[in-house]
Amino acid sequence: MAFVSSGYNPDKPMENRLSDLGPRKYDEFYPEVIKNNKGKWLYHEILEPGVLVHVSETGDEVFTVRAGGCRLMSTTHIREICEIAEKHCDGHVRFTTRNNIEFMVDAKEKVEPLKKDLESRKFNGGSMKFPVGGTGAGITNIVHTQGWIHCHTPATDASGPVKAAMDVLFDDFKSMRLPAHLRVSLACCLNMCGAVHCSDIAILGYHRKPPLLDHEYLDKMCEIPLAIAACPTAAIKPSKVDFKGKELKSVAVKDDRCMYCGNCYTMCPSMPLADTEGDGIVLMAGGKVSNRISIPKFSKVVVAFIPNEAPRWPKTTAIIKNMVEAYSNGANKYERLGEWAERIGWERFFEACELDFTHHLIDDFRDPAYLTWRQTSQFKFSK
Amino acid sequence: MAKHETPLLDQLETGPWPSFVSDLKQAAEERAKNEKGIEYQIPVDVAEDLLGVLELSYKHGRTHWKHGGIVGVFGYGGGVIGRYCDQPEMFPGVAHFHTIRVNHPSGKFYTTKFLRELCDLWDFRGSGITNMHGSTGDIVLLGTTTPQIEEFYWELSHNMGQDIGGSGSCLRTPSDCIGSARCEYACYDTHAICYGLTQEYQDELHRPAFPYKFKFKFDGCPNCCVASIARSDLSFIGTWKDDIKIDQEAVKAYVGGEFAPNAGAHAGRDWGAFDIQKEVVDLCPTKCMKYDGGKLSVNTPECTRCMHCINTMPRALRIGDDRGCSLLVGAKAPILDGAQMGSLLVPFVEVNPDNEYQAIKDVIEPLWDWWMEEGKNRERIGELIKRQGFRRMLEETGIEPVPQHVQEPRTNPYIFWKEEEVEGGWTRDIDKFRKDHLR
Amino acid sequence: MDQAEAAEKIIDALQKKQKIKSKFYFSDLAKILEMKPRAAKPFINKMVTDGQLEYWSSGSTSMYGLTGTGKQAAAEDED
């Protein structure tokens, strides 16, 4: 493994440096049919799950085949995507906001061979490489964060629970039987670098224990004022501790103020947070971002805690599946999960989804809490 | 034979959904074979070690990564996230495993030429493992060592003409929906403005000077496919002012069952015959529609452009022609004081590439000036608005208050009047008062 | 204020605080220069390319420090 220089000279970092280039310009990547019809599209149709046609005022049509993708992807897999795109799509491909892969062709007869090709490709372990679907009133790909594959504060994995959940929800990826589309998202800790707080169903990793304190190393590894300043609830203060007869500078955490965000661990590696029993999953439901019919909504916590059950998170996926079925059976056409819950009342939602209601689900965090309590004599009795 | 046994992860190889475990395994194999004879600049068994450390996390129920403060290439304060494995001896291939964010092109359209070049570069100087794409939108390249970061950037910029993205207290890599490139609902060219403002604000993107992160997201219409209203500090949502264009013949075709409602999105279940009254007119949130004698009409001034009727009958109804976007400010995830949606600041603004989006920049820059001066460290702009008040934001941006700014007026009278708003000011003469009021 | 004067002011101020901490927010630096943030930025950018200041990032937020200072810098030294 000999070091190969790119031409960069570490002694003169500014020499010949290119900077502020930004991204490449979008239009150099457009397929011909997109280039020719941008801004001229008249309407679209979903021909079958995973296949769309957009029709232009010029008479041109673009057919899109949407395939599910793992956001975690190797260059081997990307090259296979390239190979497919070169074979069928003149070397063009795009990705969606929800980590799907879209292959576009300019004629209907090109759709079937493309679809067949995509559906025929399997990984050695047996799973599909490019399942076609994720359109219309169904469940599309789950957007997610890093989890245990690459993050320092996750309370759960991301790719694993997503794989497990999509296996359970797979029929709804491949079909369009739901009252409206249903968006599932996952964020592996409460910082939510994947903003899941407005999803129909959100899977959220959550810690339940304050950080450990490695007093012996804390002052050697960390700048204590930075660790203190990192805490959003001011739960950390400087402290002197007795360690094996020696007085050391360290910190103390006011445990009942800690919200388990891990920000201190980011600043200070001597304050690790992860814990096998403490960490697990919170489920939230009823959010949406679209302005269609009703205004956007936040997701609400409907299950306070489920332990991490690697590798397949069976309890989490079973509850999600149950919610999807209850929604599918109960909601009106066009009604999103949150709109359904509001129409029937959240007290009915818990019945319909067979979920327990516990004190954890009543908001007690700061100002917005009061607005979520019931300030009316109108309610439904439990059945 | 795999380097590490992964009995738990192996259970994620079955089932229909694409298995990232199988993908990592095939990548590990290909890297080990090295048929192309690549002079790998980081350990060859990086994918094996990544599977190994992930398996250990599955066993422990805990992460094995630590954060590092490494930030990027010389002169940039963002774009690279430092990561170290907390079991470097067990998994030397991923002991130093930093992430690089690459600024994706608008709309995430690619040529395979570009993707292949990027793959070649990442196999050579990194792990060959990616996220297509990260939550913010960037192409995320997972895992390389510190010495490779500058080398990677040099080749990315010199050979591919491509820059890295944002992280930390920067303008984060802006992202957009597919827009008018392939969507009839787009009220403006999301790709053009996303690219235009990304280029305009390169300094803000690479050199952190904000109190915290700041995100732009561009949604072409109120369907909000990139969720700008929920997750961007400045959300651009396409809208229009004039009439929804109606093709009455096409309406009849929907009523007659010739066209499937909602572009066929509900085809997986028999919902019965399409009922325009029940499914469109009655679901209109403002009840501004009428279907009478075979003719559909919309009372435009009462329409709030929720998109339901257009989504349901895309062949009959089209967005209006007087198009622009609404600007909403301050969305963020819950931490710390609870989640916030974007709040409407500018109901309508033109999106004009010919003057480089001046009307929009005239809103962005005063907002930044205010937040940079008044924002506390790690305070998102949405939190600053809550702390200092919506009125303050209006003053800072020179925007006049309009009823569109609120869902409803305030329910308390505790208005903090300014002295100049009250006749005669606050300085009064007690002696003069006492002439009429005895002690 | 010229670049040299700005750099001197910042270096002096940060050196005085090294015993307590080595990382500072952008706003701390702007305050040292007694400038509005946007006016201070070119001076601070220049100090970075001149090698006097370096960035540190938590991933979500960014800080500045005198080059090579701080406990984590030592811990992350890979040589």
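What the table below lists for this structure:
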item	result
Percent RCO, i.e. relative contact order, over segment A:278-328, from Cα pairs under 8 Å lying at least 6 residues apart	34
Those trypsin sites (Lys or Arg not before Pro) in segment B:254-330 that DSSP places in a loop and that have at most 14 other beta carbons within 10 Å	B:Arg269, B:Lys287
Beta bridges by DSSP in chain A, antiparallel share as percent, to the nearest 5	85
Chain A - accessible surface per residue (Å², probe 1.4 Å)	40
Loop sites in segment B:191-276: GluC sites (Glu not before Pro), DSSP, at most 16 other Cβ within 10 Å	B:Glu258
Cα centroid separation, segment B:247-291 to segment A:367-382 (Å)	35
Amide hydrogen neighbours beyond the local backbone of A:Tyr43, cut-off 5 Å, H modeled	A:Val55
Reduction of at least 20 Å² in accessible surface, 1.4 Å probe, comparing all protein chains with the chain by itself, residues of segment B:316-353	B:Arg318, B:Ala333, B:Pro334, B:Ile335, B:Leu336, B:Asp337, B:Ala339, B:Met341
Accessible surface buried upon A-B contact (total; probe 1.4 Å; Å², nearest 100)	12600
Cα convex hull volume per residue for chain B (Å³)	240
Minimum 10 Å² accessible area buried by the other protein chains, segment A:238-264 residues, probe 1.4 Å, relative to alone	A:Met259, A:Asn263
Equivalent ellipsoid semi-axes - Cα gyration tensor, chain A, angstrom	41, 33, 19
Modelled FRET efficiency - R0 60 Å, B:Glu419 with A:Asn124, Cβ distances, 0.05 increments	0.20
Carbon plus sulfur fraction of accessible area for the protein assembly as shown, probe 1.4 Å, in percent	51
1.4 Å probe accessible area per residue over chain C, in Å²	49
Förster-model FRET efficiency, 45 Å R0, A:Glu247 and B:Asn412, C-beta, rounded to 0.05	0.30
B:Trp417 accessible area, assembled protein chains, probe 1.4 Å, Å²	130
Those GluC sites (Glu not before Pro) in segment A:210-283 that DSSP places in a loop and that have at most 14 other beta carbons within 10 Å	A:Glu277
Solvent-accessible surface (1.4 angstrom probe) belonging to B:Asp292, in square angstrom, nearest 10	100
Value of relative contact order over segment C:3-78, rounded to a whole percent, pairs C-alpha under 8 Å and six or more apart	32
For segment B:99-116, residues shielded by at least 30 square angstrom of accessible area compared with the chain on its own, probe 1.4 Å	B:Pro105, B:Lys108, B:Phe109, B:Tyr110, B:Thr111, B:Thr112, B:Phe114, B:Leu115, B:Arg116
Summed buried accessible area for C+A [probe radius 1.4 Å, Å², rounded to 100]	1000
FRET efficiency estimate (nearest 0.05) - Cβ-Cβ, C:Lys46 to A:Asn332, R0 56 angstrom	0.35
Buried accessible area, chains C and B (both chains, 1.4 Å probe, Å² to nearest 100)	2400
Whole-Hz ³J(HN,Hα) from phi, Karplus 6.51 cos²θ - 1.76 cosθ + 1.60, for segment B:147-152, glycine and proline x	x, 7, 5, 5, 5, 4
At 0.692 mPa s and 37 °C, Stokes diffusion of segment C:3-78 via Kirkwood alpha-carbon radius, µm² per second	260
Label-point separation, B:Phe390 to A:Tyr217 (7 Å along Cα→Cβ), nm	5.0
Distance in nm between pseudo-label sites at B:Ala2 and A:Glu351 (7 Å out along the Cβ direction from Cα)	4.7
Over segment A:82-188, equivalent-ellipsoid semi-axes from the Cα gyration tensor in Å	27, 17, 13
Per residue, in Å², the accessible surface of chain B once ligands and nucleic acids are set aside, probe 1.4 Å	39
Whole-percent pair-distance distribution, where bins are 10 Å wide, for the alpha carbons of segment A:155-289	12, 33, 26, 15, 10, 4, 1
For the protein assembly as shown, alpha-carbon Rg relative to the globular expectation (2.2 N^0.38 Å, N residues)	0.95
Reach of A:Lys315 by Cα under 28 Å, taken over lysines that are not fewer than 8 positions away in the same chain	A:Lys122, A:Lys129, A:Lys163, A:Lys174, A:Lys209, A:Lys288, A:Lys297, A:Lys300, A:Lys383, B:Lys25, B:Lys59
Estimated distance in nm for a label pair at A:Asp363 and B:Val44, the labels positioned 7 Å out from Cα along Cα-to-Cβ	5.7
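The values are calculated or read from the model by the stated rules, or taken from the named source; none is laboratory data. In this text, all values refer to a predicted model and were calculated from it rather than measured experimentally. All Cβ positions, glycine included, derive from the backbone under ideal geometry; neighbour counts span all protein chains shown. In case anyone asks, the SASA skips ligands and DNA or RNA and just uses the protein heavy atoms, side chains included. Shrake-Rupley method; radii C 1.70, N 1.55, O 1.52, S 1.80 Å.
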